[in-house]
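Data block below; observations after.
The values are calculated or read from the model by the stated rules, or taken from the named source; none is laboratory data. In this text the structure is predicted, and so the values were computed from the model without any measurement. Because the Cβ atoms are built from the backbone with ideal geometry, glycine has one as well, and the counts that use them run over all protein chains shown. Surface accessibility is based on the protein's heavy atoms, side chains included, excluding ligands, DNA and RNA. Shrake-Rupley method; radii C 1.70, N 1.55, O 1.52, S 1.80 Å.
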Protein chains: 4
Amino acid sequence: METLNNRPPVYYSEYLQLDTLLNAQAPESAKEGIRADDEMLFVIIHQSYELWFKQILHELTIIRNIFLQPELPNNSPDIYNVVHKLKRVCTILELLVDQLGIMETMTPLDFLDFRDLLRPASGFQSIQFKIIEATLGLTYENRYGKEYYLSQLNEKDIERVKQAEKEESLIVLLNKWLERMPFCQEVAYWNKDHSASSGAHPFWEAYRAAYAKGLLPMEQHNLKTFDQLFIHENEYPEERRLSSLASRNAFFIMLYRDYPLLQLPYELLNTLLEIDELMSMWRHRHIHMVERTIGKRVGTGGSTGAGYLKAAADSHYVFKEISELTSFLLPRHELPPLPEALIKDLSYSK
Amino acid sequence: METLNNRPPVYYSEYLQLDTLLNAQAPESAKEGIRADDEMLFVIIHQSYELWFKQILHELTIIRNIFLQPELPNNSPDIYNVVHKLKRVCTILELLVDQLGIMETMTPLDFLDFRDLLRPASGFQSIQFKIIEATLGLTYENRYGKEYYLSQLNEKDIERVKQAEKEESLIVLLNKWLERMPFCQEVAYWNKDHSASSGAHPFWEAYRAAYAKGLLPMEQHNLKTFDQLFIHENEYPEERRLSSLASRNAFFIMLYRDYPLLQLPYELLNTLLEIDELMSMWRHRHIHMVERTIGKRVGTGGSTGAGYLKAAADSHYVFKEISELTSFLLPRHELPPLPEALIKDLSYSK
Amino acid sequence: METLNNRPPVYYSEYLQLDTLLNAQAPESAKEGIRADDEMLFVIIHQSYELWFKQILHELTIIRNIFLQPELPNNSPDIYNVVHKLKRVCTILELLVDQLGIMETMTPLDFLDFRDLLRPASGFQSIQFKIIEATLGLTYENRYGKEYYLSQLNEKDIERVKQAEKEESLIVLLNKWLERMPFCQEVAYWNKDHSASSGAHPFWEAYRAAYAKGLLPMEQHNLKTFDQLFIHENEYPEERRLSSLASRNAFFIMLYRDYPLLQLPYELLNTLLEIDELMSMWRHRHIHMVERTIGKRVGTGGSTGAGYLKAAADSHYVFKEISELTSFLLPRHELPPLPEALIKDLSYSK
Amino acid sequence: METLNNRPPVYYSEYLQLDTLLNAQAPESAKEGIRADDEMLFVIIHQSYELWFKQILHELTIIRNIFLQPELPNNSPDIYNVVHKLKRVCTILELLVDQLGIMETMTPLDFLDFRDLLRPASGFQSIQFKIIEATLGLTYENRYGKEYYLSQLNEKDIERVKQAEKEESLIVLLNKWLERMPFCQEVAYWNKDHSASSGAHPFWEAYRAAYAKGLLPMEQHNLKTFDQLFIHENEYPEERRLSSLASRNAFFIMLYRDYPLLQLPYELLNTLLEIDELMSMWRHRHIHMVERTIGKRVGTGGSTGAGYLKAAADSHYVFKEISELTSFLLPRHELPPLPEALIKDLSYSK
């Protein structure tokens, strides 16, 4: 720290590069000599979004690096930090949803003052947003409106998104981490106390029995899905992002989150669902804003803006395989009890 | 005021009837001797919603009474008060959207502790919410899931909603108010300065010409809709809630909202769109909450909760005929100028 | 518009200068090779604040230009636009208050990773924030901590703030605009229907009588203040920013805001109070954030951060002379009625 | 669960006792035949606050019961549940702060329509709010405005608050829980690897040395306070709510929160600070609302409303002894390393 004392003094505006930052707004209307007071708002709100997108990517990169370790030691702060950072991403996303309220102070007439000057630019061209989606786990195949993506971005930007899609995304890394979890599947815990009539794992067999008992007549089809996911490994649906093993362990975490070792993993899963939800909220509120501002006219980028957003809002859930597991939960008092040895390993050492 | 001084002193808890209010929570789990700590939250948040629904209905009733007057004197505070009260309704709705965040602190496992005890009750049975929808203008015909409505409510409640549907709703009253507006249609303003080649109103003919010029090739179909709405009265779509005359006047307000007399009417229209948007936001966030809490299982009321909410979110826009007018707006500098006499009548007297 | 069609196509990232914007983050820790993951957040949140400060200044400049006109025609959209823009400023300020919640996700330990590297920079050095304060109307004399201002800013920045303090601030322009309002003071309205026993203006005499009657014994000192403000012009407190005439007209607006011509002026006054409130909320939440992050240690800028903010929060109300007028309001049913001629002039022409 | 199937069906409005709840609003103005449209808002918003206060007390009671156990097994979900519930309390408090925005839609003139009818009732008489304060740990001695409390409440209500003050409050229970924490103080961990020259505990001696090195000249007085708190037990300030041992353990948690066993305890402390902050935010926003609505007139309860709230906002921090510990934190890389045996006991068993 001593050497630090010899550093030159830091000045707020230089540290933040405000000369650069606050001179980077160039409304098109000014170039044309047209008065359009609200174009500044339009520029600044988009720039603010992009700054926050950079921050989200910064956090996601750190999180990915944590998960890229071959093993996450249980006794490190890694998962705690991941949860903390994901919650921060949620806090940022909440702000970004609210921030649309500022855009909504721009009336349609005020937008028309400069709207035609922006063609064919469009928010669809935000590369950082696409990289965020890809980093979470949205694939090219699952993207709604792939054709826009190829037609509206320039070569370099298409390349950047494609590169992001090639990296191991958060859901892929999560899958690997879930697969490494030893508890529920490890045969050693179960052999002594449990015996399964069929070849099935004794835990899942017991769980299935309890689950089947509680279903309403109109819910019987849930049991079939349950079996596909948890009982008959060979029927496990191919198209799923999470493997059979990862799904089971995710579900196990949701069920036994009361044990110390599973508390943070549960928070982790829960926070991922919150990110999906907030991304969806952002899209929905964005739709409203677009509909109020441009109605049903074609967006500056040539798409029917609201239509694209709506389809994306409905189909871009990255972690929905986790949220859907909720359907199979049982009340705590009906949960199969765990073997003593397993309970011990789910606990603090002291 | 003198007599007021002889009133007995008011005491906070009596004024608010807290003895009644704070003893009106009776969790079902307590009756069964089951421990379910979060049922209290479940009861209280729903009660809080219902209190706010009562307040929204209180405001809507005052607003309807203002519009029920045979004429709204321009020089009264009536429209100012209507706008003020609608904005308050928006502020309340914003809170109600945020309030779902409290519900989301209840995890699926914690909900399962008491969920089965509530069957077949469901939030669908909130009569006040249905009356709010009806008061704004949602008709029985336009309701998604009419069948639930008849099957899930008791006789008395069906009767209450039907009664509300019979009253003149806000959109009906708005339509009448818009029809009474003299400015744009009144021939006297236009005869001298304008002459229409066809039989069409000179204002709309001029506007059509300007609008047609600005359309992109891919937007040409907009012109056909424009003509149906503003030019060929006999082609005006039958199913619309707003009459041809009311639509024209609403659009005129949106275009010339810079004139004093139209400023508050514009705020009024804009605030109605905000209510639609907030109701939709409430439904969407509600969907997320339901999906996270019960997954894809059948809701306590027997519906697939999220599915109902989603369809309602997409179809229950009461004022969408107004928001869609945005598609036909022109930039201010392309607007047809108004006759002097009309400008004068759109102004303050001094 | 035709020429617009020949413009080169606009591309999102170029329009927003994202290459510049997203390369303007240079954490000090990176320069020193120290790992401090949260410094990026620290940089980005401050940059986001500065972007929004630029937008607020953009709006305030437009507002000041409107008020700088020698006369504001009643029939222009000027006041409507001012109110709209001030409400937008409020919406932005609300976001800036909430945005502190993102900063609060940085824990004290995480801040310590890079805190010493920032000395002696401090948020106190935000020139744009000081210019916002000056533009609203905070004077050098009323600034808490003038000494910091001279010691912590560089020459150029001191010059910029001083320049802003020299301009006619919003409160000065508001004062002039209020003084030009004809209604309440104009003798012509009052002579016929009212006669004042003393030399006082008949309206204020009548109002005083009604006000005196409603005061509680413990509130009698309010009457003395009332007289200073509204009755005895020669006793009008010298230190006030609003002149006697402006105060009266502001109060008249608050009382008779139900008349059309006063509705927007009332909204204007009310929104200014909201800005004061939001600036104060921002300071208070800022205090909490600082206290949680650095405790009672000296801030990077050498001040005891929280202490400065607290004093500023309590003393930097620009429009408090307006909010204090609330003390003198009477219920509507006790208000003196207005002369017919005045009522007519407070109305729309038709 | 089988018996549950025989339960009578639950109906939404009966479950929530809506007949009772929605008939418990009796505006005074209605009784007097005075039209005061906004009194309903006034009643409903206060009732909504009281419902949420009941929920907060419900959560605090469960939390207190957890802490009232003679020992909190490390391997139970107890602390996890406490943190979850405290975060819910924060979510509720955030809503209550925002909810004031609805009250602010009531203008001063509209409040005056019914204000005199409420005398001498006042929000100060909310017993539940006082019980929340007492449950967190505010004592009678530390209450600002004790005299109001005795003069404005009726006998029964004074009794209820006094009863709440007699219970072991959250801060008292927290103190006991912190004192029971074995890690930092337990001599066994330290003897082998560390030796203290003085009689002082080797950990605190090492920490003091590192802390002293980093202080700026103007911060030297911090060292004296440090010694009082952590080194010289006999100088430990008498008036503190946390014992010397509890303070040390709280600080130890803040420093080494990266170890698994301390992660949740850290979240716990942090959430308590957030509750203090939100209570303070609530008071500050409340002050603004009161000032805007009644100005400097005496409140309905006879106090100068804003003055009371301000003093309470500044002095009613229950957990400030914890937040002040932040002043003594060191950057992670300067923290004394922990003995291996201690690290093991701060970890999961596997």
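At least 2 residues being over 22 Å from the mean Cα position of the chain (by Cα) is the threshold, and among the helices (runs of 4 or more DSSP H) wholly inside the stretch D:159-256 those reaching it are D:187-190, D:202-214, D:221-226. Within the stretch B:156-185, the set of residues being over 30 Å from C:TYR348 (Cβ atoms) and among the β-branched types (Val, Ile, Thr) comprises B:ILE158, B:VAL161. Does D:SER349 satisfy the criteria of being more than 14 Å from chain C (Cβ to nearest Cβ), surrounded by fewer than 19 Cβ atoms within 10 Å (Cβ to Cβ) and modelled with pLDDT under 90? When the stated conditions are applied, D:SER349 passes them. Residues in the stretch A:32-39 include at least one that is in contact (Cβ under 8 Å) with a residue 60 or more places away in the chain, part of a loop (DSSP other than H, G, I, E, B) and at the interface with chain C (Cβ under 7 Å from one of its Cβ atoms).
Residues of the stretch A:111-120 that are open to solvent by 10 Å² or more (accessible area, probe 1.4 Å) and within 7 Å of another protein chain (Cβ to nearest Cβ): A:LEU112, A:ASP113, A:ASP116, A:ARG119, A:PRO120. Within the stretch D:54-86, the set of residues being in contact with a Ser or Thr (Cβ under 6 Å, 6 or more places away or on another chain) and open to solvent by 50 Å² or more (accessible area, probe 1.4 Å) comprises D:ASN75 only.
Conditions (1) farther than 15 Å from A:GLN128 by Cβ; (2) modelled with pLDDT of 95 or more; (3) acidic (Asp, Glu); (4) open to solvent by less than 20 Å² (accessible area, probe 1.4 Å), marked per residue:
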{"position": "C:LEU16", "(1), (2), (3), (4)": "no, yes, no, yes"}
{"position": "C:ASP19", "(1), (2), (3), (4)": "no, yes, yes, no"}
{"position": "C:ALA24", "(1), (2), (3), (4)": "no, yes, no, yes"}
{"position": "C:ALA36", "(1), (2), (3), (4)": "yes, yes, no, yes"}
{"position": "C:LEU41", "(1), (2), (3), (4)": "yes, yes, no, yes"}
{"position": "C:ILE44", "(1), (2), (3), (4)": "no, yes, no, yes"}
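Please go through the stretch C:329-346 and give me each residue that is open to solvent by 10 Å² or more (accessible area, probe 1.4 Å), more than 7 Å from every other protein chain (Cβ to nearest Cβ) and more than 32 Å from the chain's Cα centre (by Cα), ordered by number. C:PRO337, C:GLU340, C:ALA341, listed by residue number.
Among the residues of the stretch D:136-168, those identified as touching a residue at least 40 places away in the same chain (Cβ under 8 Å), open to solvent by 20 Å² or more (accessible area, probe 1.4 Å) and of a type outside the set (Asp, Glu) are D:ASN142, D:TYR144, D:TYR148, D:GLN152.
With respect to (1) farther than 30 Å from A:ASN175 by Cβ; (2) of a type in the set (Ser, Thr, Tyr); (3) touching a residue at least 60 places away in the same chain (Cβ under 8 Å), the lone exception for A:TYR80 is condition (1). Only a single item in (1) aliphatic (A, V, I, L, M); (2) at pLDDT below 95; (3) closer than 28 Å to B:HIS284 by Cα; (4) not in a loop (DSSP other than H, G, I, E, B) is not met by A:LEU268, and it is number (2).
Suppose the filter is more than 9 Å from chain D (Cβ to nearest Cβ) and more than 31 Å from the chain's Cα centre (by Cα); does B:ALA26 pass it?
Judged against the criteria, B:ALA26 is not a match.
Of all residues in the stretch B:110-138, count the ones that are over 22 Å from A:ARG332 (Cβ atoms) and not in a loop (DSSP other than H, G, I, E, B). So the answer is 13.
Scanning the stretch D:322-339 for residues that are under 12 Å from D:MET254 (Cα atoms) and hydrophobic (A, V, I, L, M, F, W, C) returns D:ILE322, D:LEU325, D:PHE328, D:LEU329, D:LEU330, D:LEU335. A single entry from D:ILE66, D:ILE62, D:ILE79, D:ILE92 fulfils the requirement of being at the interface with chain B (Cβ under 8 Å from one of its Cβ atoms), more than 14 Å from the chain's Cα centre (by Cα) and outside any loop (DSSP other than H, G, I, E, B): D:ILE62. Going by what's in this entry, would C:LEU21 be described as within 7 Å of chain A (Cβ to nearest Cβ), free of Cβ contacts under 8 Å to residues at least 12 places away in the same chain and aliphatic (A, V, I, L, M)? Considered against the rule, which asks whether it is within 7 Å of chain A (Cβ to nearest Cβ), free of Cβ contacts under 8 Å to residues at least 12 places away in the same chain and aliphatic (A, V, I, L, M), C:LEU21 comes out as yes.
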